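The values are calculated or read from the model by the stated rules, or taken from the named source; none is laboratory data. Model, not experiment: these values are computed from the prediction. Neighbour counts are summed over all protein chains in view; Cβ atoms, including those assigned to glycine, are modelled from backbone coordinates with ideal geometry. Just so you know, the surface numbers come from the protein's heavy atoms only, side chains and all, with ligands and any DNA or RNA stripped out. Shrake-Rupley method; radii C 1.70, N 1.55, O 1.52, S 1.80 Å.
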Amino acid sequence: MCRMDEPCTNDLISNIYDAVTGADGFQQFVARLAAAFDLKAAMLFTHNVLNGEAKGMWEYGMARSWMESYAIDYGREDQLARHLSSAPIATFYASNVHLPADEYTGSRFYREWVLPQGVQCAAGAVILREGVWATQVVLQRSPSQPPFAQEELQLLDRLVPHLQRAVQMRQRFLELQIGQNLLTAGLDALVMPSLMVDEWGRMVYANQAATRLMEERDGIWIEDRYLCTSRLALTKQVNVEILVALGASRGSGSAVPGVVFVPRQRRAPLTLMIVPMQASGGPLKRAALLFLYDPAGTPSAPPELIARLFSLTCAEAELVVALCGGNTLEQAAQARQTSIHTARTQLKSIFDKTGTRRQADLVALVLSSPAYFVARP
């Protein structure tokens, strides 16, 4: 039974606008919404109406395993979501009111995803729609709770205009805050392709290395501010890892980095590592960093930095950079217009100064040094 009255309605509306600048975004709102309407679970998230992808989620009452199975497998079979995609936005609809009972309860989605959670019915509304992406609210009730009534849906409709404004304001607030954050400048200092996603799963920053990699569109790219891969199942897996990282960034779930291998057409696969931000507050409390390792890449480092790190001469540092770029000693000597004898003498000196004995050990040592994590200015 809905517990809504005028003071409760005003409290929820106030809570919606608190989310605009709040460190937890809409997390407190979905929890209060669940209490006010006697719900089993409540969610606010962005959903792809064509393939079921889910990005950027605030949830209350839903286990991670069910969230993952929805995002990867069952989301595209959600009849209520399909109804929402074709119905007018800014209006709440309920499965027990607007869907044919036989069609809903006879589906695989209902048997394998709805019932095992202890869910009897659901209600939802599209708050905003941008192309194939819909930001929506979904509410669930268990068999021990009453089905949704038309009067309750009308009460929920009163919240929608406020949610629309608050979501748009929140997105703009994050853009301004993250754009001003010093971390974005730090990402550009990295050789490794690095990206930042906000709490909606949108790419809000890519350093120069990541921008170049995305422009190649080989296995992975950015489209409409979302990360895409050449395989839908892989894209959904990436989305789930991002959702988990976003949850961990605000203290919910594991903070262990997610790792996904991204195949490419003619080159070795990329390794994508997804790391939750561990900021104590502000917009970065719910954000994630993505790092891409390209084994086929040949990064370069300033010889002067190599020289300072390992106490080498300029000529020795130039030789090290050439070797780390995949050149043989003979190729490095030829490119630098020195004799092979000179190159061998320099290499012996480099071995002595770095404490290495083999060329492979030298390259491994230098590539793992700070010189290859910092981009050229």
Scan segment 287-336 for residues that are in a helix (DSSP H, G or I) and either closer than 30 Å to V197 by Cα or not aliphatic (A, V, I, L, M) (or both) and jot them down. P303, E304, R308, F310, C314, E316, E318, C324, E330, Q331, Q334
Does R266 satisfy the criteria of being at pLDDT below 85 and buried (at least 16 other Cβ atoms within 10 Å of the Cβ)? no
Determine if segment 228-236 includes at least one residue that is in contact with a helix residue (DSSP H, G or I) (Cβ under 8 Å, 6 or more places away or on another chain) and surrounded by fewer than 16 Cβ atoms within 10 Å (Cβ to Cβ). yes
Select, from A71, A36, A42, A54, the only residue that is over 20 Å from Q237 (Cβ atoms), in contact with a strand residue (DSSP E or B) (Cβ under 7 Å, 6 or more places away or on another chain) and open to solvent by less than 40 Å² (accessible area, probe 1.4 Å). A42
Answer from T354, T345 - the residue that is at pLDDT 90 or above, open to solvent by less than 70 Å² (accessible area, probe 1.4 Å) and not charged (D, E, K, R): T354
Of the residues R111, R129, which single one is of a type in the set (D, E, K, R), out of contact with any helix residue (DSSP H, G or I) (no Cβ under 7 Å at 6 or more places or on another chain), under 24 Å from N51 (Cα atoms) and assigned to a strand (DSSP E or B)? R129
Tally time: how many residues in segment 216-245 are closer than 27 Å to P370 by Cβ and outside any strand (DSSP E or B)? 2
Of the residues in segment 111-159 that are among the acidic types (D, E) and open to solvent by 50 Å² or more (accessible area, probe 1.4 Å), the one that is modelled with the highest pLDDT is E112
